[in-house]
Every structure is written in C-alpha cells, then in structure tokens.
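The values are calculated or read from the model by the stated rules, or taken from the named source; none is laboratory data. Nothing here was measured: the structure is a model prediction, and the numbers come from that model. Every residue, glycine among them, receives a Cβ derived from its backbone with ideal geometry; neighbour counts consider all protein chains shown.
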Amino acid sequence: MLREPALLELQCFPPIPYFSKFFSFNTIFIEQQEHYRKGSYRNRFQIASANGPLSLSIPLVKGKNQQQAITDVAICYDTPWQRKYWTSIRSAYGKSPYFEYYADDIKILLFDKQERLFDFNKAILDYFIKLFQMETNLEFTTDYIKAPTMGMVDLRNTISPKINSPKGDKYHQVIEYQQVFIERTGFLSNLSILDLLFCQGPEAVITLTNSSILPLRE
C-alpha cells in the first residue's frame, strides 16, 4: 500500500474502481466540505441489466443543489423510488450466485430513510468497509482542500459516469469476472460494487485486491 493519502468524494454504491483505492492507499480522506456536483456518482450508481448498464439516480429535494454544501443535500422521498430501485436490483441480480446472501443487507441500506445524501452514502461505505474488512484509515476533511498538499493523491471526480472507461486510472486495472448477462452484453466495467458483491460474494475481495495497482514512482 502507498503511504501517501488519497482524497476522494463520497459516492453512492460506488463502482469497483472506487473500492480498489482502499487496497492501494493506507489512508483515504473523504471530502466533506465540497459543494454538490451534478452528473456524478454522488447520487447515482450503475447496475447490469440484460440490455447493458442501467443507471439509478437517488432523487434530491429540488433546489440549488449544485451550490449546496454536500452535507446539506437532502434526499427526496415524494415518490417510491426505493421500491422501484429494489425491483431493478432484484431483477438484475436475483439469479446471481450470492444474491440471497446479501440481499437483506442491501435492501436495508436502500430503504434506510436517511435525510441527507451524505449520511446515506456514508452508511453504504461503512457497510462495505466492514464487510470486506478493509484496514485503510478513513478520515474526513475539516476544511475544503482546494490544492492538496504534496504527497496527497487527489482522486476527486476521477471516477465518474462521464468517464466511460477506467483504463486511464493508474491505480486500477480491470479484472473481468463472470457477470449475470455477460454472454449477452459482454463484460461491463465501472459498475456498482453491488455487481461484484452479488456475482462473487467473498471472492470480491480477491478481485478488488488484484485490480488495485501501485504505479511506478516517477
């Protein structure tokens, strides 16, 4: 593992490249002083469907979210999106090898009526840290880090729906595994950690470890 700390934003059911960082760095700082940014994994995640990647977005209370502090962004519960998304997840992974082992836990996370997006995402991260027994030191910023200090690796906004492939990520290499619809869609990278969990179960840790790479020092 690298001694230098990494800096990440908090994401919703983050994709595999996000979690691989927890096997590359001894310490990860989560930016909690930023403003919300649209079009990111902060409030969306991707799962595999028979027709390819399916994006699910957590609805937010209407307002100027783009200018809001990330810890103030509120989740909207005016529509039954949790039930709808759980139906999508169950349809996608109901026949996966490990769905029955983790379905109850994931359903609890999804249906937990957190008021704030940040708290919702933190509960998800805490669950996977415990499940995968990740030993990385996790810290939260107390001030917004505009320019990281020397030695800190700034990875904010590098794992994004706008980046179609993680191949440019020098801390991550794509490790293919058997997905539910792989014969139909081919291997889909950059999916939510849910895909890896339901498809591989305990072996997900092995894939995350193998997908984590330490670049040569310049």
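Exactly one condition in (1) exposed (fewer than 14 other Cβ atoms within 10 Å of the Cβ); (2) within 27 Å of residue 150 (Cα to Cα) is not met by residue 50; state its number. The one condition residue 50 does not meet is (2).
Consider residue 91 carefully, then state whether it is out of contact with any Leu (no Cβ under 8 Å at 6 or more places or on another chain) and surrounded by fewer than 14 Cβ atoms within 10 Å (Cβ to Cβ). It is true that residue 91 is out of contact with any Leu (no Cβ under 8 Å at 6 or more places or on another chain) and surrounded by fewer than 14 Cβ atoms within 10 Å (Cβ to Cβ).
Annotation: of all residues in region 110-122 being more than 20 Å from residue 68 (Cβ to Cβ) and surrounded by fewer than 19 Cβ atoms within 10 Å (Cβ to Cβ), the one that is modelled with the lowest pLDDT is 112.
Those residues that are out of contact with any helix residue (DSSP H, G or I) (no Cβ under 8 Å at 6 or more places or on another chain), modelled with pLDDT under 95 and among the small types (Gly, Ala, Ser), I need them from region 13-64; list them, please. Listed by number, the residues that qualify are 24, 39, 40, 63. Restricting attention to region 110-135, the residues that are over 16 Å from the mean Cα position of the chain (by Cα) and part of a loop (DSSP other than H, G, I, E, B) total 6.
Hey, could you check region 87-102 for residues that are under 21 Å from residue 51 (Cα atoms) and part of a helix (DSSP H, G or I) and say which is nearest to the chain's Cα centre (by Cα)?
Step one: filter region 87-102 for residues under 21 Å from residue 51 (Cα atoms), giving 87-97, 99.
Now restrict to residues that are part of a helix (DSSP H, G or I): 87-93, 99.
On the way: 87: 20, 88: 18, 89: 15, 90: 19, 91: 20, 92: 18, 93: 17, 99: 18 Å.
Among those that are under 21 Å from residue 51 (Cα atoms) and part of a helix (DSSP H, G or I), it is 89.
Listed by first and then second residue, the pairs linking a residue in region 112-136 that is under 11 Å from residue 10 (Cβ atoms) to a residue that is assigned to a loop (DSSP other than H, G, I, E, B) and hydroxyl-bearing (Ser, Thr, Tyr), with Cβ atoms under 9 Å apart and 6 or more places separating them unless they lie on different chains, are 117/36.
Residue by residue, here is whether (1) out of contact with any helix residue (DSSP H, G or I) (no Cβ under 6 Å at 6 or more places or on another chain); (2) modelled with pLDDT of 95 or more holds:
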position: 91; (1), (2): yes, yes
position: 164; (1), (2): yes, no
position: 175; (1), (2): no, no
position: 180; (1), (2): yes, yes
